[in-house]
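Visitor: One structure, as structure tokens, below. Some questions next.
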Amino acid sequence: MTQFVQRQIKPGFRCDFLGAVASGLILLAVPGMTHAQETDPASVNQPAEKTPAATTTVPEQQAQDPNTAKEAADTESDATPEGTVSVPPGGGAPANQEPKKRYGSSPVMFDPAMVADRARRLAAEPFETPHRELPEKLSDLSAEEYAQIRFKSQRAFFNPSETDFSLELFHPGSMYDVPVAINLVRDGEIQVIPFSTGLFDFGKTGLTGNDFSTQGYAGFRLRYPLSNVQSNDELTRFLGASYFRLQGQGQSIGQMARGLAVDLASPTGEEIPVFREFWIVEPEKGDKTIRVYALLDSERVTGAYRFDITPGARSKADITANLFFRDGVEKIGIAPLNGMFLFGEQRRRSFGDYRGEVHSSDGLLIHNGRGEWLWRPLDNPLDLQLSAFLDENPNGFGLLQRDRNFDHYQDLDRRFEQQPGYWVTPKGSWGKGHVELVEIPSPSETNDNIVAYWVPETKPAAGDEMQVEYRVTATRDGTDLHPMAQATDTRIMRIAPEGDDAVASTRFVLNFAGGDLDYFSKNIGKMRADVSASEGEIKNIRLMEDPENGGVRLMFDLVESSEEASSNLRVFLLYDDQVLSETWTMPWVF
């Protein structure tokens, strides 16, 4: 659900869209962008899932200025924040041992309303950057060197006799220069985790805890036995800005999600919010879900987040965010997902690489409010590319990794075929807006150059409050999301003109598999492909069974237009009038 509470009205939404075409996706006018894509209701209705009932939730009334925990504690001091208890580094009481009695100031009981109250008060104050200058020995660490600083697993938090979850922390260094306060909530009480270099092994960096002054933590990870009862797998991590990762059973670390995106790919430049403080509720015996609260801060927006994280084959995080705006924002990105796409099977850019494909996700899937399923293959474009899919009350969207064949990647380190896809399920009614896809040119796989998020039509103004609820699921190829055939491969070949008067064309080869295709393809003569282009001419449509890959293969040629620079393509399969597949869609520059 997204809900706005507006305290002042500003002029209506200024359209930056160049135009809309038949598939509901449009191009945004952004300097340096080569083209955009459209989306409108499909001409054929596809099966739709029921949309969750809309709910109206108003942020809870906040407690009046409670004594909250300080953002960090120094292990070199015996003092702890007033009204809180400091947890010993590596902390929880050993099994069968009574917690120690605490003397002195009374403990502060945690109330979720206090996080929202902190965010609301912070939004009324001038912004102060949370970034700070690290000691050179930390700031100069490369990504590879920083990865050698590891938390000592034997010092992990939570009692193993009570829960399968365990908590580990990240040391500051390299690009991670924001001091993040980490608090535990035990028996309802706030307990600060004081900073301690003794919790870390510095590996081959040559550093020791004596090389720099005490710093706050950079973030944390939660572990859980996903593979089997004896394993200790990474379930989630929160590290850097508002980024977080989520893994399910048999999945390796891949793409990321974020708390919020602000003016991403805008002429004014992106504003990057950060999580400044966390409250992690220690799970009780038998708990299968762990709850995390977070305080977000940025130049124009603050936020109070709640994450209910449930491990499993498809781990999920149920998220509620209350946002408070210091100032107006031109474009707010809800539920952002970050991926990397260097090159895939279509080979639209050439790389000297031994691997056949390099990407953490290969497409954007959208289940729009009209019930249509859209599949948009990703690209590493020559110029910044923005695509907007207009919608109202979307049912879901996600960046998915459909190709699960190791032989296509041949990467034993990154294991792209095991990396999760992320699927966002809105809760309640999100209203009008669009799913926006940003594809950024990249020469290297070290850059997350793909971002997808929801942009509400209503722009937040100074003093506004907004609440949004959704779920992020770590899925695989998306076969569990709908029963229709999937577009699994996109291959492209340029066809040179023959003769002085001939026009150049491009051949597209698409593979569809799954759903009921194997059943209907036995009578391939009655199956047909609906192929359309906003510009140019479609020729030579061929549909055939694919005994090697399963499903069917579709081929068609797009003859270039002499007047237009680009075209938007749409394809889906039918048997008689029954829609068999999701809709494949792609923008194409002539």
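Each value in this text was obtained by applying a stated rule to the coordinates, not by laboratory testing. A quick note: this is a predicted structure, and the numbers were derived from the prediction, not measured. Here the Cβ positions follow ideal geometry from the backbone for every residue, glycine too, while neighbour counts run over all protein chains shown.
Visitor: Can you tell me how many residues within the range 193-207 are part of a strand (DSSP E or B) and hydrophobic (A, V, I, L, M, F, W, C)?
Guide: 2
Visitor: Now for a different question. Could you tell me which numbered condition Arg355 fails, if it satisfies all but one of (1) surrounded by 18 or more Cβ atoms within 10 Å (Cβ to Cβ); (2) assigned to a loop (DSSP other than H, G, I, E, B)?
Guide: (1)
Visitor: Which condition number in (1) touching a helix residue (DSSP H, G or I) at 6+ places or on another chain (Cβ under 7 Å); (2) assigned to a loop (DSSP other than H, G, I, E, B); (3) over 27 Å from Phe416 (Cα atoms) is the one that Lys285 fails?
Guide: Result: Lys285 passes all but (1).
Visitor: Please pick out the residue among Asp407, Asp413, Asp353 that is acidic (Asp, Glu) and more than 22 Å from Asp477 (Cβ to Cβ). Please lay out each step first, then the result.
Guide: On the way: Asp407 fails: more than 22 Å from Asp477 (Cβ to Cβ); Asp413 fails: more than 22 Å from Asp477 (Cβ to Cβ).
Just a single option satisfies the conditions, and that option is Asp353.
Visitor: What number of residues in the range 110-139 are surrounded by 15 or more Cβ atoms within 10 Å (Cβ to Cβ) and among the acidic types (Asp, Glu)?
Guide: Of the residues in that region, 2 qualify.
Visitor: Only one of Ile492, Ile524 is among the hydrophobic types (A, V, I, L, M, F, W, C) and over 36 Å from the mean Cα position of the chain (by Cα). Can you tell me which? Full working, then the answer.
Guide: Working: Ile492 fails: over 36 Å from the mean Cα position of the chain (by Cα).
Being among the hydrophobic types (A, V, I, L, M, F, W, C) and over 36 Å from the mean Cα position of the chain (by Cα) holds for just one of Ile492, Ile524, which is Ile524.
Visitor: Among the strands (runs of 3 or more DSSP E) contained in the range 385-446, which hold 1 or more residues that are under 22 Å from His359 (Cα atoms) and β-branched (Val, Ile, Thr)?
Guide: In the range 385-446, the matching strands (runs of 3 or more DSSP E) lie at 421-426, 432-439.
Visitor: Might you let me know whether the range 234-250 holds any residue that is surrounded by fewer than 17 Cβ atoms within 10 Å (Cβ to Cβ) and more than 22 Å from Val451 (Cα to Cα)?
Guide: Scanning the range 234-250 turns up at least one residue that is surrounded by fewer than 17 Cβ atoms within 10 Å (Cβ to Cβ) and more than 22 Å from Val451 (Cα to Cα).
Visitor: I need the full set of residues from the range 552-570 which are touching a residue at least 60 places away in the same chain (Cβ under 8 Å) and within 13 Å of Ser534 (Cβ to Cβ), in order please.
Guide: Ala565, Ser566, Asn568, Leu569, Arg570
Visitor: Residues being free of Cβ contacts under 8 Å to residues at least 60 places away in the same chain and charged (D, E, K, R): count how many of those fall in the range 471-524.
Guide: Here the count works out to 7.
Visitor: Looking only at residues in the range 208-228 that are in contact with a Gly (Cβ under 9 Å, 6 or more places away or on another chain) and either in a loop (DSSP other than H, G, I, E, B) or of a type in the set (S, T, N, Q) (or both), which one is farthest from Leu134 (Cα to Cα)?
Guide: If we take residues in the range 208-228 being in contact with a Gly (Cβ under 9 Å, 6 or more places away or on another chain) and either in a loop (DSSP other than H, G, I, E, B) or of a type in the set (S, T, N, Q) (or both), then Ser227 is farthest from Leu134 (Cα to Cα).
Visitor: Return yes when Gly514 is out of contact with any helix residue (DSSP H, G or I) (no Cβ under 8 Å at 6 or more places or on another chain), crowded, with 19+ Cβ neighbours inside 10 Å and at positive phi and no when it is not.
Guide: Working: out of contact with any helix residue (DSSP H, G or I) (no Cβ under 8 Å at 6 or more places or on another chain): yes; crowded, with 19+ Cβ neighbours inside 10 Å: yes; at positive phi: yes.
Judged against the criteria, Gly514 is a match.
Matching residues to (1) touching a strand residue (DSSP E or B) at 6+ places or on another chain (Cβ under 7 Å); (2) among the aliphatic types (A, V, I, L, M); (3) more than 28 Å from Phe307 (Cβ to Cβ); (4) surrounded by fewer than 20 Cβ atoms within 10 Å (Cβ to Cβ):
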residue	(1), (2), (3), (4)
Ile149	yes, yes, no, no
Ala156	yes, yes, no, no
Gly173	no, no, no, no
Val178	yes, yes, no, no
Leu184	yes, yes, no, no
Gly188	yes, no, no, yes
Val192	yes, yes, no, no
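Visitor: Right, here's the next one. Return the residue satisfying two criteria in turn: it lies in the range 415-437 and is surrounded by fewer than 20 Cβ atoms within 10 Å (Cβ to Cβ), in contact (Cβ under 8 Å) with a residue 24 or more places away in the chain and of a type in the set (D, E, K, R), and of such residues it is farthest from Gly369 (Cα to Cα).
Guide: Filtering the range 415-437 for residues that are surrounded by fewer than 20 Cβ atoms within 10 Å (Cβ to Cβ), in contact (Cβ under 8 Å) with a residue 24 or more places away in the chain and of a type in the set (D, E, K, R), the one farthest from Gly369 (Cα to Cα) comes out as Arg415.
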